[in-house]
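The values are calculated or read from the model by the stated rules, or taken from the named source; none is laboratory data. All values reported here derive from a predicted model rather than from experimental measurement. Cβ placement follows ideal geometry from the backbone for every residue including glycine, while neighbour counts extend to all protein chains displayed. Remember, those area values only see protein heavy atoms, side chains included, never the ligands or the DNA or RNA. Shrake-Rupley method; radii C 1.70, N 1.55, O 1.52, S 1.80 Å.
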Amino acid sequence: MERIAPVLDEYLPELPDVLLWDLKIDPWPKTKAQDIVTADRAEIFSDIVTRHDQVTGTITTEVGPAFYRGLSNETNVSETALVEAFVGGVLELVGRSDVAISSLLDWIIPSSHARQLHAFAPQDFRDHARPAIGRHVVHIGELQDAAIRIGLGWHGVPRPGGTVRGRSDCTKALNAITSAAEEDLCRDLAQFERRDLIECAVQNHEAAAIDFKLWHQTAGAMIGLAEDEEKIREELHETTFRLNGVSLANRLLIEAGLHECPLGEGMKVADIDLSRLMARAMMIVHLGGYSDAIHYGGMKPEIRISPAGEVQINTDFFNDVMDPVGKDFVDSAIDRKRLTYASHLQEPEPVSEDAESNIEPEFLSAWEAEFGSPLADFRATAEAVENLVMQNGLAWLVLPRPELIALLSEHIKSPHTVVLELESIPRPKWKDIPAGFNDADRQPWRFRRRLSLTRRPLVRFDQSDTADILVAPGMVREALGSTVINMYEGNFDGASLTSKEMKDWASKTANRVGHEFEEEVAAELRALGWVAQTSVKFGSVLGYGLAADPGDIDVLAWHPSGRVALLECKKLQFAKTTSEVAKQLFEFRGEINARGKPDRLAKHLARLDLALSHQDAFRAFTNLPSATLEAALVFSNTVPMKFAEGHMRKQVKMLIAGELESI
């Protein structure tokens with residue numbers, strides 16, 4: 001009605017002062033997705049009956065069940081038919097048969113994807129468990145967030161505060177403040193009973209996950225309805241960041257609370273407590289990120305501790321780099337969801353029992369060497385716990401560890417091994433690091449941590465082998481999916497891998513993925529009229545070897561116009577955290593460190609200088625009558641360098657794959 005009324009009011013001045021719409025429609029019947037027979041426009045429209053009463057100025061619309069079945073169309077057929085029927089009744093009411101309904105519909109429904117009702121079929125466990133999860137999400141309150149900031153900075157700079165400058169002094173102060181914030185969180189957690197805290201955090205995490213998914217699934221419809229697309233995208237950005245913060249904060253509370261909360265004694269957690277605890281957890285994430293960002297030179301090395309003890313930083317790094325990177329990532333995710341809307345209207349096809357047959361045997365062997373059990377056993381574990389919890393009509397389940405082992409033994413050979421790899425076990429203190437790990441595996445501001453809940457989603461409540469264990473299938477599936485993808489794509493640092501087989505896989509994958517991206521770039525350039533070769537050695541161009549190998553030219557391309565481009569192609573991991581963004585910027589500053597080692601950009605610039613000193617050789621190699629050399633960095637996805645300081649952009653042109661027409 002928000003869109004119908006203004007359009008009718010503008011184009012139909014004959015409208016009565018009061019126009020009533022009597023909409024008669026039965027409640028949406030509960031129907032299994034596989035039983036829905038999608039209705040087309042003709043069937044929907046024929047199942048809608050419209051009458052008008054000129055005396056009362058009433059449009060009566062009776063809607064049949066075909067309307068609901070029509071919601072399973074990718075485009076908004078049902079709501080369009082309903083609006084068309086209503087508008088047709090209005091035109092009959094005011095006697096305006098000369099007005100084309102279609103002309104009014106174009107104003108009311110600006111896009112075929114604009115809609116307010118959706119008929120999503122369940123896609124995963126969380127969709128099936130949604131009634132048990134609910135939609136109530138506890139967010140970080142502004143008051144709680146502000147309160148924990150007071151006095152925090154005095155742990156790094158004595159009262160009354162002041163300004164700290166320089167990389168070393170800033171990181172030293174921030175590290176002290178971060179450590180104090182961790183201790184504050186631990187003291188706060190110690191008031192609450194362990195199981196109650198963990199279950200409250202799991203509930204909030206799952207509710208946020210449901211909310212996040214719905215926002216992304218319906219993003220295309222919201223954009224289609226919006227008068228101002230940029231405004232609705234801004235709302236989507238803010239909501240995504242806020243829900244991501246809720247999810248991360250609750251995972252961190254589970255990770256820390258497992259070790260710091262007493263079992264069987266302590267207070268129950270209220271919403272206001274959860275909000276404050278989340279604020280403390282996210283403060284640690286922010287502070288640790290600030291320290292790393294200053295360490296890597298991304299942030300200005302200057303912090304101010306206010307008279308109230310608040311930590312104040314220069315926000316240029318966040319305004320100029322972090323925010324644009326985050327918004328670009330969210331926009332890309334939203335646009336991908338818009339393209340896949342239709343897939344959410346049908347249930348997914350079941351995965352075959354031999355799904356692993358489509359995966360390279362080398363990776364499967366590396367997985368088993370790394371985790372002690374086949375990948376198929378981990379998948380079977382996720383499926384078994386989903387079935388168990390779903391049968392009980394719950395979103396998660398707490399059961400004795402031996403019962404879980406017994407259940408899994410019906411499906412896999414080594415349930416003890418799989419459970420041990422997936423469970424988080426209490427330690428005397430959160431900051432006590434078990435053998436074989438380091439503090440980076442715990443630090444909340446880092447991703448791909450080996451002690452994180454996204455790596456160990458089963459929560460054992462005490463250290464005994466017969467302890468109760470919390471199983472949240474949504475978190476298990478999410479964690480397993482993340483681990484498999486990151487392992488398969490070689491995203492884990494070699495130091496965090498334990499087996500030679502997985503380290504070899506990661507190394508080979510990095511080389512393979514890099515070469516494949518080079519070929520993609522070359523193919524795109526050829527389509528634009530360039531000649532392009534990949535992995536070109538300087539010796540091939542110069543006709544002789546060099547004493548020091550400068551490295552290959554990833555893609556050497558030349559155009560009939562005489563342009564010759566040396567392209568450095570990089571398929572980097574998407575930098576998600578403040579630390580990761582700052583580190584990527586650090587690696588592409590075009591500088592040589594104190595040990596005389598050039599960074600990744602400096603190596604590329606050195607190759608360009610070498611090429612410029614041998615322009616005749618490049619002209620001869622390309623068979624061009626004249627040659628003008630240039631260079632660019634080409635990235636596979638949005639990277640922080642795209643938004644970096646001007647001096648970086650002045651040194652070399654930076655492009656994202658798909659932007660090569662602007663080279």
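Scanning the stretch 55-76 for residues that are of a type outside the set (Ser, Thr, Tyr), farther than 18 Å from LYS30 by Cα and either open to solvent by 30 Å² or more (accessible area, probe 1.4 Å) or without any contact (Cβ under 8 Å) to a residue 12 or more places away in the chain (or both) yields VAL55, GLU62, GLU74.
Residues being open to solvent by 60 Å² or more (accessible area, probe 1.4 Å) and of a type in the set (Lys, Arg) are entirely absent from the stretch 101-117.
Scanning the stretch 132-148 for residues that are open to solvent by 70 Å² or more (accessible area, probe 1.4 Å) and either closer than 30 Å to VAL87 by Cβ or touching a residue at least 12 places away in the same chain (Cβ under 8 Å) (or both) yields a count of 2. The residues of the stretch 208-219 that are in a helix (DSSP H, G or I) and either hydroxyl-bearing (Ser, Thr, Tyr) or open to solvent by less than 10 Å² (accessible area, probe 1.4 Å) (or both), listed by number, are ALA208, ILE210, GLN217, ALA219. Among the residues making up the stretch 273-292, a single one is touching a Phe, Trp or Tyr at 6+ places or on another chain (Cβ under 6 Å) and either open to solvent by 10 Å² or more (accessible area, probe 1.4 Å) or aromatic (Phe, Trp, Tyr) (or both): VAL285. Give me the residue from the stretch 408-457 that is in contact (Cβ under 8 Å) with a residue 40 or more places away in the chain and aromatic (Phe, Trp, Tyr) and, out of that set, most open to solvent (accessible area, probe 1.4 Å). Per the stated criteria, the residue is PHE447.
Could you tell me whether the stretch 237-251 includes any residue that is part of a helix (DSSP H, G or I), open to solvent by less than 10 Å² (accessible area, probe 1.4 Å) and more than 30 Å from ALA121 (Cα to Cα)? Within the stretch 237-251, not a single residue is part of a helix (DSSP H, G or I), open to solvent by less than 10 Å² (accessible area, probe 1.4 Å) and more than 30 Å from ALA121 (Cα to Cα).
The rows are residues; the columns are (1) surrounded by fewer than 20 Cβ atoms within 10 Å (Cβ to Cβ); (2) in contact with a strand residue (DSSP E or B) (Cβ under 9 Å, 6 or more places away or on another chain); (3) under 17 Å from GLU255 (Cα atoms).
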residue: ASP462; (1), (2), (3): yes, yes, yes
residue: TYR488; (1), (2), (3): yes, no, no
residue: PHE492; (1), (2), (3): yes, no, no
residue: ALA495; (1), (2), (3): yes, no, no
residue: MET502; (1), (2), (3): no, no, no
residue: GLU516; (1), (2), (3): yes, no, no
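When the residues of the stretch 18-37 are filtered to those that are touching a residue at least 40 places away in the same chain (Cβ under 8 Å) and farther than 24 Å from SER103 by Cβ, which remaining residue is least open to solvent (accessible area, probe 1.4 Å)? Here the answer is ALA33. Here the stretch 170-193 is the region considered, the condition is being assigned to a helix (DSSP H, G or I), touching a residue at least 60 places away in the same chain (Cβ under 8 Å) and open to solvent by 30 Å² or more (accessible area, probe 1.4 Å), and the residue that is nearest to GLU260 (Cα to Cα) is ASP184.
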